[in-house]
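K.L.:
Structure incoming, see below.
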Ligand code: UD1
Ligand code: UDP
């Protein structure tokens, strides 16, 4: 079986690490070679700076992509269109049995469209997430990708229920997390199939945390600067960076919080460009530690040792939950509703809520971190077995 995987943005490199490993492990475990699973990786080039891309391949031991399309940055139409043309060329050459896509970026959508038009079954990992905010480019990418997918692999029961509301009815295991392969005759392969396998990012974090701890020990970015108690911040969503009033509120709240404790802020290049252009004095502000994006291991340690995390990232919200660190999400809504329902995460809507007030409220309340909301860390292995069973 030949699988083509399309990735292109930072979180997709992290998500694909445990899955690609599980595929290699499963294929390698068969000395007869009959399982014959081969994964071909296409990197669209959506992210291209070393610290946004290659660092993750180097750190996480992901094999180099078989194709790098070098698409780079651009408007949504141009970027997605260029990816679509180039992915189609690879698919026509490679003739895979299945296409694998992750999450909700423009790379996800381009992969989904290119494959589905060529009648190649699409496997969508992180299917079913919804913000119900169609102004987010990610929401458009998710909805479109889900509706051309054949196998929709959800990270949560909420995601399964979201798909059910949109008419998907072929749901395995009642929507509960699948921890072992199911038998082929238990489901109908003529319809798109929805399965909750848990979250592959949890697998990645479990794989990464021990390595991060042994590599960095007590060291790392904060130790180097003598910082012990701090708030970790990340901001990159278009709805925050591209709306000046919202970015302004976020920045003034960070400045306020930094009077109480340092705010360590590895800035996404999209945000960095705006900070350099419009807030040149910020870099001088004592208490605000604005850095380049960091590698995955540095990030896990920064998250683990933070007193609070302020973020608009999807992945970082969940990592905060897994690492039992209080989180404030700088958005109007979140797809990861379970983190909010458990009290571990609070929403602060930039421009509407007082972010500093929510920060203090989050600091002074407990959250219930005990639940296993995102599977048991075996999502990658479950996925590899499913691929074999369904398409092998
Ligand atoms: C993309 C995804 C978003 C995801 C995020 C993860 C879409 C629509 N958005 O957002 O869902 O959460 O990745 O980080 O796909 N840039 C660089 N160097 C790079 C990459 C980007 O300088 O290596 C700058 C460019 O100025 C570019 C801007 O960042 O225009 C935005 O990059 P882009 O990939 O379009 O969107 P992200 O904000 O990264
Ligand atoms: N991350 C990282 N370095 C950073 C910022 C984030 O390694 O400087 C990791 C983070 O730990 C998480 C993932 O990148 O695993 C989240 O990616 P991002 O916030 O870019 O995208 P999102 O999850 O919002 O789509």
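Values in this text are rule-based calculations from the coordinates and carry no lab data. On a predicted model such as this, the values are computed, not experimentally measured, just so you know. We place every Cβ from the backbone using ideal geometry, glycine too, and count neighbours over all the protein chains shown.
K.L.:
Name the helices (runs of 4 or more DSSP H) wholly within the range 123-222 that hold at least 3 residues that are touching a strand residue (DSSP E or B) at 6+ places or on another chain (Cβ under 9 Å)? First the steps, then the outcome.
P.N.:
Numbers: elements: 137-146, 157-165, 200-216.
Answer list for the range 123-222: 137-146, 157-165.
K.L.:
Same structure, new question: Which of (1) within 16 Å of ligand 1 (Cβ to nearest atom); (2) crowded, with 21+ Cβ neighbours inside 10 Å is the odd one out, the single condition residue 154 does not satisfy?
P.N.:
Checking residue 154 against (1) within 16 Å of ligand 1 (Cβ to nearest atom); (2) crowded, with 21+ Cβ neighbours inside 10 Å, the one that fails is (1).
K.L.:
Tell me which helices (runs of 4 or more DSSP H) are completely within the range 284-392 and hold 3 or more residues being within 15 Å of ligand 2 (Cβ to nearest atom), closer than 20 Å to residue 14 by Cβ and more than 15 Å from the chain's Cα centre (by Cα), or say none if there are none.
P.N.:
Numbers: elements: 296-304, 314-322, 337-341, 355-363, 379-391.
The qualifying helices (runs of 4 or more DSSP H) are 296-304.
K.L.:
Given (1) touching a helix residue (DSSP H, G or I) at 6+ places or on another chain (Cβ under 9 Å); (2) more than 15 Å from ligand 2 (Cβ to nearest atom); (3) within 23 Å of residue 245 (Cα to Cα), identify the lone condition not met by residue 281.
P.N.:
In the conditions (1) touching a helix residue (DSSP H, G or I) at 6+ places or on another chain (Cβ under 9 Å); (2) more than 15 Å from ligand 2 (Cβ to nearest atom); (3) within 23 Å of residue 245 (Cα to Cα), residue 281 misses (1) alone.
K.L.:
Something else about it: Would you tally the residues in the range 39-57 being free of Cβ contacts under 8 Å to residues at least 60 places away in the same chain and out of contact with any helix residue (DSSP H, G or I) (no Cβ under 8 Å at 6 or more places or on another chain)?
P.N.:
The qualifying residues number 5.
K.L.:
Inspect the range 7-23 for any residue being without any contact (Cβ under 8 Å) to a residue 60 or more places away in the chain and closer than 15 Å to residue 108 by Cα and give the result as yes or no.
P.N.:
Yes, that holds for at least one residue.
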